[in-house]
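In what follows, a structure is listed as structure tokens, so that the remarks can point back to it.
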Amino acid sequence: MTDSTDSRDKQFPKHVAIIMDGNGRWARERFLPRAAGHKQGVEALRRTVRVAAELGVDFLTVYSFSSENWSRPESEIKHLFSLLRRFVGQDVADLHGSGIRIRIIGERSNLSKDIVELIEYCEDLTQDNSGMTLVIAFNYGARQELAGAVQRLAQEVKEGKLAPADITDDLIAENLSTKNIPDPDLLIRTSGEQRLSNFLLWQCAYTEFVFVSEHWPAFDKTVLARAIEEFQNRDRRYGGLISATS
Ligand code: IPE
Ligand code: IPE
Ligand code: MG
């Protein structure tokens, strides 16, 4: 994959982030329980990881559980956690075999010890892999992430290790859980909802958003390819003017 980097279209997204939404609606349309939607959602995730790596995406970030998802019924939360456990437990060997590096971002302090150990195991096992990086946002909230960074920096200021004027945007980025991960080029949200829901607020400053109507369990190579094509037709100006070369 890395060899094809140079020959790739300049506009190809290196980092694709996905808000995997609509599991419940997918299930409801089929008169199935929400759990069936989440189960098919895991299949869609497996498919998408494979396809994104094949297409040459370098970083794929997926939103799997938000800080606000704790407000769902306890039975659904339990089910989502068991799916994560199973996904990680069953797929980590395969992902590792395919050279995928796994990073899991989000709050860990309120997770059970066995989940934290599983997370650490996946990250340690795959840290030296050189293929696509799969970033799983689990128990993640962007405002909480930013508040944590501010707290750490404030502590350094208090201890006299840092001057307030040294707090630059680069320093803030280094204190986020996405440290060393480039900002997403393309963000896809499935199921028609057009909002961020507390996902990567800082990192998406210049990300291109594509909203697709398909529910997450129906996501496949065709939908991903269509979103990438839409991205490739966008003109990213970063506050400047339309590039003279186009
Ligand atoms: C996405 O599907 C999965 C999670 C948020 C964990 P939803 O469960 O949000 O499905 P809808 O939005 O109710 O259809
Ligand atoms: C966002 O989806 C979170 C994940 C996909 C994990 P939600 O379904 O929780 O978002 P809202 O409630 O519609 O904003
Ligand atoms: Mg939803």
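The values are calculated or read from the model by the stated rules, or taken from the named source; none is laboratory data. Bear in mind that the values here come from a model prediction, so they are computed numbers and not experimental data. When we count neighbours, we look across all protein chains shown, and the Cβ atoms used for this are built from the backbone with ideal geometry, even at glycine. Remember, those area values only see protein heavy atoms, side chains included, never the ligands or the DNA or RNA. Shrake-Rupley method; radii C 1.70, N 1.55, O 1.52, S 1.80 Å.
Here are the numbers for the structure shown:
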{"read-out": "Phi-based couplings in Hz for the range 188-204 (Karplus 6.51, -1.76, 1.60; Gly and Pro marked x)", "value": "10, 10, 8, 6, x, 5, 10, 8, 8, 6, 6, 9, 6, 4, 6, 6, 8"}
{"read-out": "Rg and Dmax [Cα atoms of the range 116-246; Å; Rg one decimal, Dmax integer]", "value": "18.1, 54"}
{"read-out": "Dipole in debye (nearest 20) - the chain, about Cα centre, beta carbon charges: Lys, Arg +1; Asp, Glu -1", "value": "740 debye"}
{"read-out": "Long-range HN-HN contacts of THR133 with modeled amide H, under 5 Å", "value": "PHE59, LEU60, ARG101"}
{"read-out": "Kirkwood hydrodynamic radius of the chain, from inverse mean 1/r over distinct Cα pairs, in Å", "value": "19.2 Å"}
{"read-out": "Probe 1.4 Å, accessible area per residue of the range 88-246, Å²", "value": "54 Å²"}
{"read-out": "Sulfur and carbon atoms: percent of accessible area, the range 37-159 [1.4 Å]", "value": "50 percent"}
{"read-out": "Virtual spin-label span in nm between GLN144 and ASP114, 7 Å along Cα→Cβ", "value": "2.1 nm"}
{"read-out": "Cross-link pairs beyond the 31 Å C-alpha cut-off, checked among LYS113/LYS161; LYS39/LYS113; LYS14/LYS39; LYS179/LYS221", "value": "LYS113/LYS161"}
{"read-out": "Value of relative contact order over the range 29-147, rounded to a whole percent, pairs C-alpha under 8 Å and six or more apart", "value": "38 percent"}
{"read-out": "Nearest-0.05 FRET efficiency for ILE242 and HIS96, computed from C-beta distance (R0 30 Å)", "value": "0.10"}
{"read-out": "Shape box of the range 42-171 [Cα atoms, principal axes, largest first, Å]", "value": "48, 38, 23"}
{"read-out": "Stokes-Einstein diffusion coefficient of the range 203-246, Kirkwood radius over Cα pairs, 37 °C, 0.692 mPa s, in µm²/s", "value": "265 µm²/s"}
{"read-out": "Stretchable slack from SER82 to SER197, in nm (0.36 nm times residue separation minus alpha-carbon distance)", "value": "39.1 nm"}
{"read-out": "Percentage relative contact order, the chain, counting C-alpha pairs under 8 Å, at least six apart", "value": "28 percent"}
{"read-out": "Additional length obtainable on full extension of the chain from ARG226 to CYS204, 0.36 nm per residue less Cα span", "value": "5.9 nm"}
{"read-out": "The range 1-105: translational diffusion in µm²/s, Stokes-Einstein, Kirkwood Rh over Cα pairs, 20 °C, 1.002 mPa s", "value": "139 µm²/s"}
{"read-out": "Cβ crowding within 10 Å averaged over residues, with 15-25, 188-198 ranked highest first", "value": "15-25, 188-198"}
{"read-out": "Structure-based [θ]222 nm, the chain - -39500 (n - 2.57) summed over DSSP H runs of at least 4, per residue, nearest 500", "value": "-13500 deg cm²/dmol"}
{"read-out": "Förster radius 30 Å - calculated FRET efficiency between ILE172 and GLU123, Cβ distance, rounded to 0.05", "value": "0.85"}
{"read-out": "Distance between modelled label sites at GLU156 and ARG30, nm, 7 Å Cα→Cβ extension", "value": "4.8 nm"}
{"read-out": "Base-10 log of normalised Debye intensity for the range 52-129 (one unit scatterer per alpha-carbon) at q = 0.11, 0.17, 0.18 Å⁻¹", "value": "-0.32, -0.74, -0.83"}
